[in-house]
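I have placed the structure first, in the form of structure tokens, so that the comments after it can refer back to it.
The values are calculated or read from the model by the stated rules, or taken from the named source; none is laboratory data. Being a predicted model, the structure only gives us computed values, none of them experimental. Don't worry about glycine lacking a Cβ; one is built from the backbone with ideal geometry, like all the others, and counts go over all protein chains shown. Quick note on the areas: whole protein, heavy atoms, side chains included, nothing else; ligands and nucleic acids left out. Shrake-Rupley method; radii C 1.70, N 1.55, O 1.52, S 1.80 Å.
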Amino acid sequence: MFKNTQDNQRLEDELDKNNIPDHVAIIMDGNGRWAQKRHLPRIAGHKRGMETVKTITKVASDLGVKVLTLYAFSTENWKRPHDEVSYLMGLPVKFFNDFVPDLIKNNVQVKVMGLIDQLPAQTQKAVNDAIKDTSQCTGMVLNFALNYGSRLDIRMAVQKISQQVADGQLDVDKIDDQTISDNLMTGFLGDLSDPDLLIRTSGEERISNFLLWQIAYSELVFTDVLWPDFDKSVFQKMILEYQHRDRRFGGIKTSK
Ligand code: IPE
Ligand code: IPE
Ligand code: MG
């Protein structure tokens with residue numbers, strides 16, 4: 001215990017407070033395996049995973065992260081058994097019920113991106129209430145990707161842009177990277193729409209239809225830790241790993 005506290009302190013001291021990634025995106029994976037390892041139903045893993053979301057939100061906000069985007073449910077996750085899907089759809093209701101007062105206390109603003117209208121009515125209500133109740137908060141943006149898929153995101157952006165062209169509001173020659181970024185679901189984040197750091201837990205090293213355009217120059221960091229076991233010190237280690245990367249954006253190494 002004592003050693004852990006010491007290690008945590010050392011980690012904390014090692015972090016460069018001036019180089020915290022502005023936008024961190026996380027593919028929260030491994031809930032099912034966490035539960036299976038304990039001979040529990042998969043939903044027990046999702047329940048525990050929800051607690052991790054609370055912990056990491058607080059840690060990220062305290063560190064000075066400006067946007068935390070969490071992949072909570074993909075457009076492909078509807079393929080799962082009905083009972084699991086319905087449990088997952090109930091989680092935002094529980095989560096916001098418990099956690100909105102803390103979010104407000106920590107000045108955290110909730111946003112949600114994805115096809116919200118396809119969610120069950122009570123999930124939509126929970127999400128919309130949380131967005132409204134935290135709309136005056138000016139600190140970290142806690143952005144949930146819920147019923148989100150990056151191909152859907154890109155397809156909808158293409159449709160919006162095409163419509164502007166068809167309506168004579170936009171010249172085809174004027175379409176540039178910024179036009180596309182602005183029309184994606186992350187467009188509301190402005191300069192912060194691209195993650196600086198993308199984390200995936202559980203040992204899988206794939207993107208699973210998450211933020212394909214936006215991660216063009218993100219630093220990707222993977223860990224074998226399952227999402228329900230993810231904690232402050234693992235998160236800090238991953239930020240440290242990010243801080244050791246040399247982000248070149250196609251240029252050449254800059255001397256520090
Ligand atoms: C991530 O955990 C949560 C969601 C995708 C909703 P999983 O449920 O994918 O867990 P594993 O990958 O089966 O262990
Ligand atoms: C990605 O995890 C989606 C979320 C974390 C919400 P999955 O568990 O659905 O991804 P795959 O199926 O392993 O690629
Ligand atoms: Mg998974």
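Name the single residue, out of those in segment 22-41 being charged (D, E, K, R) and surrounded by 15 or more Cβ atoms within 10 Å (Cβ to Cβ), that is nearest to Glu219 (Cα to Cα).
Keep residues of segment 22-41 that are charged (D, E, K, R), which gives 22, 29, 33, 37-38.
Subset that is surrounded by 15 or more Cβ atoms within 10 Å (Cβ to Cβ): 22, 29, 33.
Working: Asp22: 12, Asp29: 18, Arg33: 26 Å.
By that ranking, first place goes to Asp22.
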Identity of the residue in segment 127-148, β-branched (Val, Ile, Thr) and assigned to a helix (DSSP H, G or I), that ends up nearest to Asp62 (Cα to Cα): Ile131
Working only within segment 1-16, note down all residues that are part of a loop (DSSP other than H, G, I, E, B) and surrounded by 13 or more Cβ atoms within 10 Å (Cβ to Cβ). Leu15
Answer residue from segment 52-85, given it is within 16 Å of ligand 2 (Cβ to nearest atom) and acidic (Asp, Glu) and is nearest to Phe210 (Cα to Cα) among those: Glu76
Answer with yes or no whether Val93 is among the β-branched types (Val, Ile, Thr), within 13 Å of ligand 1 (Cβ to nearest atom) and without any contact (Cβ under 8 Å) to a residue 40 or more places away in the chain. no
Restricting attention to segment 48-77, and to residues there that are within 14 Å of ligand 1 (Cβ to nearest atom) and not in a helix (DSSP H, G or I), which single residue is surrounded by the fewest Cβ atoms within 10 Å (Cβ to Cβ)? Glu76
Only one of Ile154, Ile207 that is buried (at least 16 other Cβ atoms within 10 Å of the Cβ) and in contact (Cβ under 8 Å) with a residue 24 or more places away in the chain: Ile154
Given the conditions (1) closer than 19 Å to Leu70 by Cα; (2) surrounded by fewer than 22 Cβ atoms within 10 Å (Cβ to Cβ), every one holds for Tyr148 apart from (2)
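Considering only segment 200-236, how many residues are small (Gly, Ala, Ser) and more than 16 Å from ligand 3 (Cβ to nearest atom)?
Of the residues in segment 200-236, the ones small (Gly, Ala, Ser) are 202-203, 208, 216, 218, 233.
Those left that are additionally more than 16 Å from ligand 3 (Cβ to nearest atom): 216, 218, 233.
Number satisfying all stated conditions: 3.
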Close pairs (7 angstrom Cβ cut-off, 6 or more residues apart or separate chains): touching a residue at least 60 places away in the same chain (Cβ under 8 Å) in segment 40-64, open to solvent by 70 Å² or more (accessible area, probe 1.4 Å) anywhere: Thr55/Lys232; Val59/Lys232
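Among the candidates Asn19, Asn106, single out the residue that is under 22 Å from Gly190 (Cα atoms), away from ligand 2 (no atom under 16 Å from the Cβ) and open to solvent by 40 Å² or more (accessible area, probe 1.4 Å).
Values: Asn106 fails: under 22 Å from Gly190 (Cα atoms).
From the options Asn19, Asn106, the qualifying one is Asn19.
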Residue among Val100, Val141 that is touching a Lys or Arg at 6+ places or on another chain (Cβ under 6 Å) and among the aliphatic types (A, V, I, L, M): Val141
Restricting to segment 109-145, and then to whatever is more than 14 Å from Met89 (Cα to Cα) and hydroxyl-bearing (Ser, Thr, Tyr), can you tell me which residue is least open to solvent (accessible area, probe 1.4 Å)? Thr134
Flag for Leu40 being closer than 19 Å to Pro195 by Cα, away from ligand 1 (no atom under 11 Å from the Cβ) and of a type in the set (A, V, I, L, M, F, W, C): no
Output for segment 107-126, where each listed residue is assigned to a helix (DSSP H, G or I) and farther than 21 Å from Met156 by Cα: Ala121, Gln122, Thr123, Lys125, Ala126
Tally the residues that are more than 15 Å from ligand 2 (Cβ to nearest atom) and over 15 Å from the mean Cα position of the chain (by Cα), restricting the search to segment 214-228. 2
If Ala216 satisfies all but one of (1) surrounded by fewer than 18 Cβ atoms within 10 Å (Cβ to Cβ); (2) on the phi > 0 side of the Ramachandran plot, what's the number of the condition it fails? (2)
With criteria (1) under 21 Å from Gln118 (Cβ atoms); (2) out of contact with any helix residue (DSSP H, G or I) (no Cβ under 8 Å at 6 or more places or on another chain); (3) open to solvent by less than 40 Å² (accessible area, probe 1.4 Å); (4) among the hydrophobic types (A, V, I, L, M, F, W, C), Leu189 comes up short on (1)
